[in-house]
Amino acid sequence: MRCPGWIQTESPTVSRPGMVPVPPHVVRRDQRSTYSYSASALVAAPRSSLTDLYLNENQIGSVGATAVTKALALADHTSLQVLDLTENKISDDGATNIAEVLEQARVLKTLKLGVNDIGDEGAHALANALKVNKGLSRLHLGDNNIGNKGATALVDAAVALEMLELEGNTLSEEEKEALLERSPDSLNLVTRR
């Protein structure tokens with residue numbers, strides 16, 4: 001059985017700190033209704049040990065993504081620095097729910113939401129969260145359906161970001177140029193492959 005994800009840990013209780021597989025009972029791929037219950041198992045990791053959580057390519061959808069992010073928020077994982085939810089069919093609904101949690105996630109440095117069918121609505125919600133969250137430094141949103149309005153909102157809110165990835169979205173070359181001109185000098189804005 002394929003491991004559904006990976007946890008990066010620095011816990012002294014783990015014999016060899018590093019990448020540890022998330023057991024199948026933690027995140028189930030087969031039943032959407034189990035995500036809320038299964039996601040709560042993620043909070044069982046010692047709070048000081050969970051630094052990176054990779055759940056990419058699991059097709060958990062907006063329901064699963066919401067359950068995972070809310071479970072992590074409830075557990076107050078103050079050490080979580082990387083959350084990878086790439087290619088999970090999250091859509092605007094999931095991005096909006098993630099944005100609510102992102103407002104409180106002060107330690108999270110990297111959020112990967114590429115290839116998730118996120119459009120302008122989800123981009124606006126994430127932009128609003130960026131206005132509050134000044135700790136996030138890298139936001140990956142490549143290969144979604146974000147248009148000019150959503151991308152502009154993200155760039156305008158990206159005052160604390162070091163890198164914003166928007167390549168592969170529905171932006172014309174003129175819109176990409178305008179975004180580059182509009183972006184702060186401190187922002188590495190990725191719009192092209």
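The values are calculated or read from the model by the stated rules, or taken from the named source; none is laboratory data. Being a predicted model, the structure only gives us computed values, none of them experimental. When we count neighbours, we look across all protein chains shown, and the Cβ atoms used for this are built from the backbone with ideal geometry, even at glycine.
Looking at the stretch 118-125, is at least one residue in a loop (DSSP other than H, G, I, E, B), farther than 24 Å from residue 71 by Cβ and either of a type in the set (D, E, K, R) or more than 13 Å from the chain's Cα centre (by Cα) (or both)?
yes
Would you point out which residue out of 87, 100 is of a type outside the set (Gly, Ala, Ser), over 17 Å from residue 161 (Cβ atoms) and at pLDDT 95 or above?
Result: 87 is the single residue among 87, 100 that is of a type outside the set (Gly, Ala, Ser), over 17 Å from residue 161 (Cβ atoms) and at pLDDT 95 or above.
What residue, of 168, 119, 150, 114, is in contact with a His (Cβ under 7 Å, 6 or more places away or on another chain), over 15 Å from residue 83 (Cα atoms) and either of a type in the set (S, T, N, Q) or modelled with pLDDT of 95 or more (or both)?
150
For (1) in a helix (DSSP H, G or I); (2) among the charged types (D, E, K, R), each residue gets a yes or a no:
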position	(1), (2)
134	no, yes
146	no, no
150	yes, no
153	yes, no
156	yes, yes
168	no, no
180	yes, no
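Being among the hydroxyl-bearing types (Ser, Thr, Tyr) and closer than 18 Å to residue 56 by Cβ is the filter here; which residues of the stretch 96-111 pass it?
Scanning the stretch 96-111 gives a single hit, 110.
Of all residues in the stretch 156-182, count the ones that are more than 17 Å from the chain's Cα centre (by Cα) and among the aliphatic types (A, V, I, L, M).
So the answer is 5.
Being hydrophobic (A, V, I, L, M, F, W, C), at pLDDT below 50 and either closer than 25 Å to residue 164 by Cβ or surrounded by 14 or more Cβ atoms within 10 Å (Cβ to Cβ) (or both) narrows it down to one residue among 26, 68, 43; which is it?
26
If I filter the stretch 73-114 down to residues being touching a Ser or Thr at 6+ places or on another chain (Cβ under 8 Å) and touching a residue at least 40 places away in the same chain (Cβ under 8 Å), which single residue comes out as nearest to residue 141 (Cα to Cα)?
114
Being more than 23 Å from residue 184 (Cα to Cα), assigned to a loop (DSSP other than H, G, I, E, B) and within 14 Å of the chain's Cα centre (by Cα), is that true of even one residue in the stretch 90-102?
Yes.
Do we find that residue 126 is touching a Leu at 6+ places or on another chain (Cβ under 6 Å), surrounded by 21 or more Cβ atoms within 10 Å (Cβ to Cβ) and not aromatic (Phe, Trp, Tyr) in this structure?
no
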